[in-house]
Every structure is written in C-alpha cells, then in structure tokens.
Amino acid sequence: MTGEKPRIGARFAVLCAGFIIILIASFFLGRYSVSLRELFARGTSATVLFNIRMPRIIACVVVGAALSLAGVSYQGMFRNPMVSPDILGASSGAGFGAALGILLSFGYFGISVSAFLFGLGSVLLAWCISRVSRLDQTLSMVLSGIVVSSLFSASTSFIKLIADTEDTLPAITYWLMGSMASIKWRDTVFVCIPVIIGAVPLFLLRWRINILTVSEDEAKSLGVNTAALRTAVIACATLITAASVAVSGMIGWVGLVIPHFCRLMFGYDYRRLIPASAIMGAGFLLAVDDIARVITTSELPLGILTSFVGAPVFVWLILKGGAAREH
C-alpha cells in the first residue's frame, strides 16, 4: 500500500510522456513531409501545419479523449466494463443524422450539426422510454438504448437504400466508417465546446462515480442521490459522444478498449481511471490517425483501424469471462 502511490504516479508520468511524444510526432507525419526547421518557418509548410494538420490533431485528441471518457463513465454507471459509449444509441442516432444531412445535400458543417442533434435526440428518446418503464431503471435504460439504436440503424439503412449510388451512397458509407480527413478549424471549435462542457462535470464527479459501482442501497446509505447522479453522467457522456461522432463519424472500440487498458494499469478507482482514460484515448486515436495518414496512398478510415485493435481485445475479454466485471 505504501508503494502504490509512487507506482501510480510513475505510470501516469509514462502515459503523459507517451502522449506528448505522439503529439509532437503527429506534426511531422503525412504525405507532405515537414522538417524541424520548417515547423517554425513561414510559407507552404506553415500552411500545411496550421491550416490542415493542427486542427486535425486537436480534433483527434479531443475526440479520442471524449470517447474514452464517455465509455469509462458509462461503464461505471452500469457497473460493467463491457459497455461502450453507443450503448444508449448516441452513435446510431448521429449516424442517421449525418446520413440524412448527406441525402438532403447539407454542407459539411450542416451534416455535423444534424448528426449532433440526432445523437442527442436518440439518447433522450431512450431515456424517456426508460422513465415510463416498470422495469429496473438501469435495465430499462439498456433495453431502451438497444431499441432506439436498432431503430436509427434501420433508418440509416433505408436512407442508403434510396440514396444515389453514384455520389450520395459512397459519401454516406465513407462517413459511417469514420475519418478525420475533412477536419477544419470550424469543426475543431464545434467539437471542443460541447466536449469541454460535458467533460468538466465528469472530472468533478469522478469520485462519486465510484459510489455508483456499489449496490443501490449502499450508495443511498452514503447520502448520494443515485438517480440525479446517473442523469448527470448520462447527460454529460451523451453530449461528448454526440459531439465527437458528429465530426469524426463512427469510430468504434475506443470507448470500450481504452478504459479496460487503463484498469489494468491504474485499477478501478475512477478518480484515477477517468483522467487516465482521457489521456490514453487521446494518444491512441492520434496514433491511429497517424497510421491512417501514412500507411497507404489513399487514407484508411479510422473505424477500420480501431476495429483491428478493438475486436481482438473484445474477444479476449469474452474468453476471460468478463473477469474485470465490477461488483
């Protein structure tokens, strides 16, 4: 117990150092090579760095941190580390909103706004359904999320069915696979504002999320209003998930895999787990985006690359029988 804090501190230092290394390296990677001297010079290199790479790098950091933060928050609330940020239908709703925006020929920013609003609306619909259910509140939320997610997924499939196969359908398909290729400064600002609004309360409430991992009676005996706390966690996690998906498309596995890795390194205390997940998620998505930019001549969608990592880990979790399941 005496040596636990120094070990945790050392691991946080390594995690932060790794993130900083990936962050710095990201400025130099890409089809247009940039030297260290050009990094601080004016001209074409400066245009590439500050108008193309910088907003993309910032967006990757914010989206990666947001998805991981939403995932670990949902996992604490549902007392199950197998939960991901799209459990309540935010990703499916955002995907439908984006597909609808592309079908109606919205601009890029209009598509992001549509995805954001439908992402929020899908979770609100799931929450309203669960409120009138007579089942256990947590169970009814999960079931409502599954129903709403299925509804929006079917609606997205219908849009793809009626979309123009020459232009609209490929655009919808590519967006649903997730990418940061079209990120501009406007999109970075768009995602940063709601993510900050949602992330700050989660950081402030992180010690209370520990209480949600115990039984309902124990939590109430500690004087915690579990219903209000769950509502706050859902609202904040949904806000940052919807904002992230709205600008990046469907990027899976980050909110499931990264919190699990953080548990292996930092344990189950959400006071450490939440900041660690945010840092590791930011670094992970940034590294995946770097790979996507350099691995082929035509950029790979991020959703494909994250699946290559997430799927094997998920299989491992299944084989382990959910050994990390919280009680």
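Throughout, read-outs are computed from the coordinates displayed, never taken from laboratory work. This structure is a prediction, so every number in the text was calculated from the model and none was measured. Reconstructed Cβ throughout: ideal geometry from the backbone, glycine too, with neighbour counts over all protein chains shown.
A few points about this structure:
- Pairwise centroid distance, computed over Cα atoms, of the stretch 84-123 with the stretch 180-210, Å: 17 Å
- Over the stretch 119-194: Kirkwood hydrodynamic radius from C-alpha pairwise inverse distances, Å: 15.0 Å
- Amide hydrogen neighbours beyond the local backbone of I183, cut-off 5 Å, H modeled: none
- The HN-Hα couplings worked out from phi for the stretch 121-126 by the Karplus form 6.51 cos²θ - 1.76 cosθ + 1.60 (θ = phi - 60°) are x, 5, 6, 4, 5, 4 Hz, whole numbers, x standing for Gly and Pro.
- Kirkwood hydrodynamic radius of the stretch 76-319, from the reciprocal of the average inverse Cα-Cα distance over all distinct pairs: 18.7 Å.
- Most fluctuating residue given options C16, C60, C192, as computed from a GNM of the chain linking Cα atoms under 10 Å: C16
- Computed from the Cβ-Cβ distance with R0 of 35 Å, the FRET efficiency linking R131 to F261 stands at 0.55.
- Largest GNM mean-square fluctuation among L49, L139, L205, using the chain with Cα springs under 10 Å: L139.
- Principal axis box of the stretch 138-254, alpha-carbon based, largest edge first, Å: 61, 34, 20
- Here's the picture: a label point sits 7 Å out from the Cα of A228 along the beta-carbon direction, and within the stretch 108-144 nothing has its amide nitrogen under 13 Å of it.
- Here the alpha carbons of the stretch 61-157 define both size measures, Rg and Dmax, at 14.1, 43 Å.
- Computed from the C-alpha gyration tensor, the three semi-axes of the ellipsoid equivalent to the stretch 240-302 are 25, 14, 8 Å, from longest to shortest.
- Stretching the chain fully between S150 and Y108 yields a gain of 12.6 nm (0.36 nm per residue, less the alpha carbon separation).
- For the chain, the longest site-free run once trypsin sites (Lys or Arg not before Pro) in DSSP loop states with at most 13 other Cβ atoms within 10 Å are removed: 135-319
- The value of relative contact order for the chain, using C-alpha pairs under 8 Å at least six residues apart, is 31 percent.
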